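Below: the structure, in structure tokens.
The values are calculated or read from the model by the stated rules, or taken from the named source; none is laboratory data. As the structure is a computational prediction, the values presented were derived from the model and not from experiment. Positions of Cβ are generated from backbone atoms using ideal geometry, with glycine treated the same way; all protein chains shown enter the neighbour counts. Side chains are part of the model used for accessible areas, which takes the heavy atoms of the whole protein and leaves out ligands, DNA and RNA. Shrake-Rupley method; radii C 1.70, N 1.55, O 1.52, S 1.80 Å.
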Amino acid sequence: MELILILFLIILGILVGAFGTLIGVGGGFIIVPLLILIYNFEPKIAVGTSLMIVFLNSFSGSLAYIKQKRVDFKVGLLFALLTIPGAFLGAYIVNYNYIKSNLFKAIFSLILILLSLQLIIKPWKKFSNLKINGTHHRRIVNGEGNIYEYSISLTKGLLISFCVGFVSSIFGVGGGIIHVPAMILLLGFPTHIATATSYFILIFTSITGVLTHASLNNVKLNFAIPIGFGVIIGAQISVFLSKKIKGRFVEKILGLTLLMLAIRLMLEAF
């Protein structure tokens, strides 16, 4: 692999890691379409390679969140357990081409459009009444002494987590794009705890998908390693930048970028 390409992939990884950590997602929603559009990866290869990168990103970012004491470990581990069977099922569906290439691109572009709208205009603010009244009380004290108290429905949360694992393995997105809004909107998590706990869950979701895709030869290490090296750096940079840059500004820029990628992917599908 040429040195210029390696440097480009590392820089790409840094940007993806920084953006992904800021908004609490793994970055697969950026990497998958780029690998398909620029390098003509098959969807299953793009997904497998992306999940390797998502794992490295979530592991690096989670270390920072754990240090800030923002992770709900008990709930996070329970949710992670249900993402594993979903991730296995999703990986095999992709590998055996139950979702065809053009259909894959069309579905993924729709997901990107929904995510971009979420980032740009935050439409879920209008639906705060959708929260499920939970009976499982939680109390988290972060590193700065801030206290977060909330109640969640474990049954609904476990069901959502299974679906997240399934979707993440199909689309290589790590699951955060679904888990974060679902934890906030439907389960009543405080935003800061939802972001950190979702990233912690991503470690288990993505490594399950990675191992499954690797066994099916769906991971290209010559791309995953340099991008993964970059996302580790980017995740740590993001922790520093998050204290200096308004997250709302970053979300809008990322949302516009995803919208452009989604439009291009949709055009290729049809």
Only helices at least 24 Å long along their axis, Cα-based, and averaging -0.5 or more on Kyte-Doolittle count here, so list those DSSP H runs from the chain.
-> 3-23, 43-67, 73-95, 101-121, 154-171, 191-215, 221-241, 247-269
Around Thr49 (Cβ within 13 Å, Cβ-to-Cβ, excluding Thr49; K/R +1, D/E -1) the net charge comes to +1
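Go ahead and run the numbers for FRET between Thr155 and Leu89, Cβ-Cβ distance against an R0 of 22 Å, rounding to 0.05. Please list the in-between numbers first.
On the way: r = 20 Å, r/R0 = 0.91.
Result of the calculation: an efficiency of 0.65.
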The relative contact order of the range 138-210, taking Cα pairs under 8 Å that sit 6 or more residues apart, comes to a percentage of 29
Can you send over the solvent-accessible area of Arg139, 1.4 Å probe, protein chains only, in Å² to the nearest 10?
-> 130
Cα centroids of the range 201-230 and the range 19-42: how far apart, whole angstrom?
-> 13
Accessible surface, 1.4 Å probe, highest first, among residues Leu117, Leu12 | Leu117, Leu12
Violations at 20 Å Cα threshold for listed pairs Lys122/Lys156; Lys44/Lys156; Lys44/Lys220 -> Lys122/Lys156; Lys44/Lys156
Under a 1.4 Å probe, counting only protein heavy atoms, Met52 has an accessible area in Å², nearest 10, of 50
Quantify, in whole percent, the carbon and sulfur part of the accessible surface of the range 1-76 (1.4 Å probe; protein heavy atoms only).
-> 73
Summing -39500 (n - 2.57) over every DSSP H run of at least 4 in the chain, dividing by its residue total and rounding to the nearest 500, the 222 nm mean residue ellipticity is -25500 deg cm²/dmol
Rounded to the nearest 10 Å², the accessible area of Met260 at probe 1.4 Å | 130
For the chain: accessible area per residue (Å², 1.4 Å) = 46
